[in-house]
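Below is one structure, written out as structure tokens, with a few remarks after it.
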Amino acid sequence: MVKEECKALLDALSKVAACYRHMVLTIGGTSDSQNLREELKKTRQKAQELAVANRNKLTAVLKDKTVSKEDKAEFERLWVIFSTCMEILEIDMRRALELGQEFPLNVPKKHLIQTGMSGGTSGVAARAMSVQNMKYEAEHNIDVVDLKDLENEINQVGEMMYEMEMKVNVPQWTVEAKQDPGAELKSTISVGASSIGMISVEENKSFCDISKVLAGIIFSAVLIIAIVLAVCVVKLS
Amino acid sequence: MGAGLLLKTQILRGAWPKMERVIVSMQDPDMGIKMRNQRLLITVIPHAMTGNDIVEWLIQKYSISEEESLHLGNLLVKHGYIYPLKDPRSLVLRADDSPYRFQTPYFWTSSKWPATELDYAIYLAKKNIRKQGDLIDHEKDNYNLLHKRINHTWDFVVMQAREQLRAAKQRRKGDRIVIDCQEQAYWLVNRPPPGALNVLEHGPERRNCHISRVQLPENTDYYKREIECCRKAMGRTRVKSSICLEGYIKFNEQYVPHDPIMSGCLPSNPWITDDTTYWAMNAPTVMTPTKLRVERWGFGFSELLGDTLGRRQLLEFLKKEFSAENLSFWEACEELRYGEQARIADIVDSIYQQFLAPGATRWVNIDSKTMERTLEGIKTPHRYVMDDAQMHIYMLMKKDSYPRFLKSELYRSLLAEAIMPPETKKRVFPFMRKQRHSSPSPALLLPTGEPEVKAEDQSKVVAVPMES
């Protein structure tokens, strides 16, 4: 039960991190707008909430002495995934700060880079916030106002990560990935890899081969019959 | 070529902010580059420009030549600020109508945010999914390597790759294409395929101020130091460059006939004809010096003193003038300056006894102040204790004895007797030309009697009339 909850929380955090990265990519380009900055703000706040939830759950579990060995290994794996996710988030937040400072939106002299993007990122933000549509209610100069908050939040995240490292002792090298290279190629229903999935892909492939061979044989047979018939028709007429 | 390239890239790291400024100025709606639309099958993507546009704009904005503009444009493309749309793997600026686009600021090259292994792994995983496992060779290798190297977060890599693809689906088709192109361009710059130029390559670390710019705190101490530095710099004596350059030109004009590379060497260049006569005739201790050499003694006192033969002749002359002790004193001081550390005390003592003590056999005439200082210094002898006295005697010889030497009979006769070797005539028939072979070092075969024998040899060859 706890494992499922942890996994779900981690998936949510990963989703938000991916969306955040996507939006930070757009800063400074032609899709950049006050809306984007507001989306960034909301997304990272959501990310922080999820991060705190993840941390609390995982630290509670890892401190629990009554957990079995395999479970403990699994939770350590999740912990490593969580800390990597936080690293990425922190870097993206710092980059967002730097880019936000470099590309303020209301200054007429500072031009945005014409990157070829024309659409907005509201869909991405909606996915991150798990809502249908985004509502924009911020002021018109959020791009400047938000930077101070962003700085503070970066510091908070930094502190949290430091605390995490000090309090929880999970050596990263003991964690082994569950997924083999190429695991992402199969269907993406389950996050954790299963070897069954791999085999089914291979079977499908061989199946296709057999069907292809059969089709080839049938086709050539039909072709031969057609040629024979044509020759007969010519000979007899 | 490799080292030059590395140096160039190291300098260019400091130029990234400048490149960024160029890119930003290209965005100006009035003065920037004219944008066109890129038409793919169904989608139209704005903000494309041709290579020609870029070159023209650079020429106009910075008033540079086309060659320079092309070079600058190429730098922008190689460092990932602009990427080509048609042939994405070749990061070259073509000055024709091939399309280019600007890179998003997140993907600008920066030393503060280097491309991480984790990001590369996520990119490769995404590509793997999109291309159904059909990665290029070097990407496949990198993929497997990364799987081993960051195995502990590999699950995260796969998770994040999927999520990033899902997030991208929320955007329009045109934007999705642009994002793919941007990412591809970024990784082509940061993880170039093997064999391609790597603009981010670290050469061996050099003490280059562009790389290790330590930021000093700009407080009052810093500014006080700066002021002091500037004050000292203002106080330094400076020569006007017109005077400097005149002196430089005079020097070159004077020495050009004496330079073996600029004016050729007689009889012939040993490196070409394997004939070592030239070296033999110009050896430090020959019986008869060459004309050019004797002429050079007239250029300046240092030339005369620096040449062993010249110094000997000077000594002869000074003996006639009864001031030979000056030269001996100077030579003894040179020995002190450049001699062994262990012998310094002895040498100082002998100099004192010979030249400085009252009633010494070869007493030198130094002014009283310098003498006082030197005698003080002798109490604690070190290498440079005789410097003042030596300089005094040097200037004495230079101002007094040297001009007289140049006007003397001795010098004139030397000039008259000096020889000018004839140029070896090039043999007309090819099979008579001397075969080139590796000859033993001329330094090994240099008995002093040789030049005369060689001079006789030369007379057998037809003498070419010399230019005066």
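Just so it is clear, none of the values below were taken in a lab; they were calculated from the coordinates. Because the structure is predicted, anything quoted here is derived from the model rather than measured. Every residue, glycine among them, receives a Cβ derived from its backbone with ideal geometry; neighbour counts consider all protein chains shown.
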#### Entry: Those lysines that a straight Cα-Cα span of less than 16 Å connects to B:Lys320, excepting residues fewer than 8 apart in one chain
B:Lys407
#### Entry: Radius 9 Å from Cβ of A:Ser130, net charge of other residues (Lys, Arg +1; Asp, Glu -1)
+3
### Query
What is the calculated FRET efficiency for B:Glu321 to B:Arg231, with r their C-beta to C-beta distance and R₀ = 45 Å, to the nearest 0.05?
0.40
### Message
Distances longer than 22 Å among the Cα atoms of segment B:232-354: what percent of all pairs is that?
### Response
59 percent
#### Entry: Residues of type lysines that B:Lys61 reaches as a straight line, Cα spacing below 25 Å, ignoring anything fewer than 8 places off in the same chain
A:Lys109, A:Lys110, B:Lys8, B:Lys18, B:Lys34, B:Lys78
### Query
In whole angstrom, and with the biggest value first, how far do the Cα coordinates of the protein assembly as shown range along each principal axis?
120, 95, 62
### DSSP-loop trypsin sites (Lys or Arg not before Pro) across segment A:38-102, with at most 13 other Cβ within 10 angstrom
A:Lys65
### Task
Before rounding to the nearest 500, sum -39500 (n - 2.57) across all DSSP H runs of length at least 4 in the protein assembly as shown and divide by the residue total; then give [θ] at 222 nm in deg cm²/dmol.
-19000 deg cm²/dmol
### Query
Picking from A:Met1, A:Leu185, A:Leu78, whose Cα lies most toward the positive end of the charge dipole for the protein assembly as shown (charges on Cβ: Lys, Arg +1; Asp, Glu -1)?
A:Leu185
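Pairs A:Lys3/A:Lys57; A:Lys7/A:Lys46; B:Lys319/B:Lys398; A:Lys7/B:Lys127; A:Lys57/A:Lys167; A:Lys3/A:Lys42: which are spaced more than 21 Å apart, C-alpha to C-alpha?
A:Lys7/B:Lys127; A:Lys3/A:Lys42
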### Message
Could you tell me the center-to-center distance, by alpha carbons, between segment B:160-199 and segment B:83-124 in angstrom?
### Response
8 Å
### Query
How large is the dipole of chain B about the Cα centre if only Lys and Arg carry +1 and Asp and Glu carry -1, each at its Cβ, rounded to the nearest 20 debye?
1940 debye
### Message
I'd like the mean, over residues of B:114-126, of how many other protein chain beta carbons sit within 10 Å of each residue's own Cβ.
### Response
2
### Alpha carbon Rg of chain B, scaled by the compact-globule rule 2.2 N^0.38 Å
1.63
### Message
For segment B:31-119, what does the convex hull of the Cα positions come to per residue, in cubic angstrom?
### Response
127 Å³
### Query
Straight-line reach from A:Lys135: which aspartates and glutamates have Cα under 16 Å away, leaving out those fewer than 8 places along the same chain?
A:Glu38, A:Glu39
### Query
If contacts are Cα pairs under 8 angstrom and at least 6 residues apart, what is the relative contact order of chain A in percent?
26 percent
### Query
Can you name the helices of chain B, as whole DSSP H runs, whose Cα span along the helix axis is 27 Å or more and whose Kyte-Doolittle mean is not below 0.5?
none
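Using the structure shown, list the pairs from B:Lys379/B:Lys399; A:Lys178/B:Lys169; A:Lys212/B:Lys126; B:Lys86/B:Lys131 with a Cα-Cα distance above 21 Å, or answer none.
B:Lys379/B:Lys399; A:Lys178/B:Lys169; A:Lys212/B:Lys126
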### Summary
Computed for the protein assembly as shown: size of charge dipole around the Cα centre, +1 on C-beta of each Lys and Arg, -1 on C-beta of each Asp and Glu, debye to nearest 20, value 1340 debye
### Summary
Using alpha-carbon coordinates alone, the radius of gyration and Dmax of segment A:51-187 in Å work out to 19.8, 62
### Taking chain B and dividing mean pair separation by its residue count, relative contact order in percent (alpha carbons under 8 Å, at least six apart)
11 percent
## Note on the structure
Checking rank on A:1-7, A:25-31, with mean other Cβ inside 10 Å and highest first, the result is A:25-31, A:1-7
### Message
Using 0.36 nm times the number of residues separating B:Thr380 and B:Glu201, minus their current alpha carbon distance, what extension gain do you get?
### Response
58.9 nm
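Within a 10 angstrom radius of each residue's Cβ in A:26-32, how many Cβ atoms of other chains show up on average? Whole number is fine. Please report the intermediate quantities before stating the final value.
Values: counts 6, 3, 6, 9, 5, 4, 2.
Whole-number average of other-chain Cβ neighbours for A:26-32 is 5.
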### Query
Across 10 Å bins from the origin, how do the percents of Cα pairs in segment A:38-101 run, short distances first?
19, 41, 24, 13, 3
#### Entry: Relative contact order (percent, whole number), segment B:222-358, Cα cutoff 8 Å, 6+ residue spacing
9 percent
## Note on the structure
Label model pair B:Thr370, B:Asn282: point-to-point distance (7 angstrom along the Cα→beta-carbon line) in nm is 3.3 nm
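Cβ under 15 Å from B:Ile42's Cβ, B:Ile42 left aside: what net charge do those residues give with Lys, Arg +1 and Asp, Glu -1?
+3
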### Query
What is the average number of partner chain Cβ atoms found within 10 Å of a Cβ in B:171-180?
5
### Message
Can you compute the FRET efficiency between B:Gln60 and B:Glu295 using 1/(1 + (r/R0)^6), with r the Cβ-Cβ distance and R0 = 51 Å? Round to the nearest 0.05.
### Response
0.35
### Query
How far is the Cα center of segment A:11-76 from the Cα center of segment B:274-329, in Å?
85 Å
